[in-house]
1. Could you list, in sequence order, all residues of segment 82-110 that are out of contact with any strand residue (DSSP E or B) (no Cβ under 6 Å at 6 or more places or on another chain), within 24 Å of residue 22 (Cβ to Cβ) and charged (D, E, K, R)?
2. Which one of 84, 153, 141 is in contact (Cβ under 8 Å) with a residue 24 or more places away in the chain and open to solvent by less than 20 Å² (accessible area, probe 1.4 Å)?
3. Which of the numbered conditions does residue 83 fail, given that it passes all the others? Conditions: (1) modelled with pLDDT of 95 or more; (2) within 13 Å of the ligand (Cβ to nearest atom).
4. Here are the criteria: (1) acidic (Asp, Glu); (2) within 15 Å of the chain's Cα centre (by Cα); (3) away from the ligand (no atom under 13 Å from the Cβ). Tell me which single one residue 94 does not satisfy.
5. Can you confirm whether residue 158 is open to solvent by 80 Å² or more (accessible area, probe 1.4 Å) and under 20 Å from the mean Cα position of the chain (by Cα)?
6. From the list 28, 10, which one is in contact with a Leu (Cβ under 9 Å, 6 or more places away or on another chain), buried (at least 19 other Cβ atoms within 10 Å of the Cβ) and not β-branched (Val, Ile, Thr)?
7. With closer than 24 Å to residue 105 by Cα and either within 10 Å of the ligand (Cβ to nearest atom) or assigned to a loop (DSSP other than H, G, I, E, B) (or both) as the only criterion, which of 39, 12, 60 stands out?
8. Quick one: what pairs do we get from segment 102-116, first residue touching a residue at least 24 places away in the same chain (Cβ under 8 Å), second charged (D, E, K, R) and in a helix (DSSP H, G or I), C-beta under 8 Å, 6+ apart or different chains?
Amino acid sequence: MITAIYPGSFDPVTNGHLDIVKRANKLFDRLIVAVLDNPRKTPLFSISERVKMLQKLLDPIENIEVDCYQGLLVDYVRKQKATIIIKGLRAISDFEFEFQMALINRKLEHRVETLFMVASSKYSYVSSSIVKEVASYGGDISYLVPKEVHSDILNKFKTSKFKANG
Ligand code: ADP
């Protein structure tokens, strides 16, 4: 049984993330979408909001679990008895950092393989930051995020003081 972990901030989940999840799900027995709870960052959506949005979206799909983790990814990978880390690559700019992370993760745990999945061209410009930027100015984000979480994301902008670059 091969378990893969797809880690990220998912602040918030986008159509680009969903595309990677669906494609990765075809390749492994078990896929865990793991939300990083990073105390050094101040995300717009709390860890439980991010997990809830992912669950709403992914619970209907078989063999996918949603979870969160703190600390080193390789420790979490070991805990889940996983062997694969999935990363999405949108552009060369993603590559440099991800390449470094893949090497350090292999150094920390040699049994772990990082697999890169190339973004679908129609989502290659989509990122959580772009979603937040557009939504903060009242722009349409319906083609950037899954319809199941669209209103959750909009509600956040009604209630939060979030401003672009803020
Ligand atoms: P971001 O804030 O950059 O969207 P995340 O940490 O939430 O970042 O991303 C989690 C993972 O999903 C990373 O491996 C990232 O490269 C990948 N990813 C993010 N957006 C896309 C996309 N549009 N297409 C493919 N992969 C993506």
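The values are calculated or read from the model by the stated rules, or taken from the named source; none is laboratory data. Source: prediction; values computed, not measured. Please note: Cβ atoms are built from the backbone with ideal geometry, for glycine as well, and neighbour counts cover all protein chains shown. These accessible areas exclude ligands, DNA and RNA; they are computed on the full protein's heavy atoms, side chains included. Shrake-Rupley method; radii C 1.70, N 1.55, O 1.52, S 1.80 Å.
1. Within segment 82-110, 90, 94 meet the criteria.
2. Values: 84 fails: open to solvent by less than 20 Å² (accessible area, probe 1.4 Å); 141 fails: in contact (Cβ under 8 Å) with a residue 24 or more places away in the chain.
The conditions single out 153.
3. Tallying (1) modelled with pLDDT of 95 or more; (2) within 13 Å of the ligand (Cβ to nearest atom), residue 83 fails exactly one: (2).
4. Answer for residue 94: the failing condition is (3).
5. The answer is no for residue 158.
6. Working: 28 fails: in contact with a Leu (Cβ under 9 Å, 6 or more places away or on another chain).
Testing whether each residue is in contact with a Leu (Cβ under 9 Å, 6 or more places away or on another chain), buried (at least 19 other Cβ atoms within 10 Å of the Cβ) and not β-branched (Val, Ile, Thr) leaves just 10.
7. Details: 12 fails: closer than 24 Å to residue 105 by Cα; 60 fails: closer than 24 Å to residue 105 by Cα.
The conditions single out 39.
8. 109/78; 112/106; 113/106; 114/98; 114/106; 116/98
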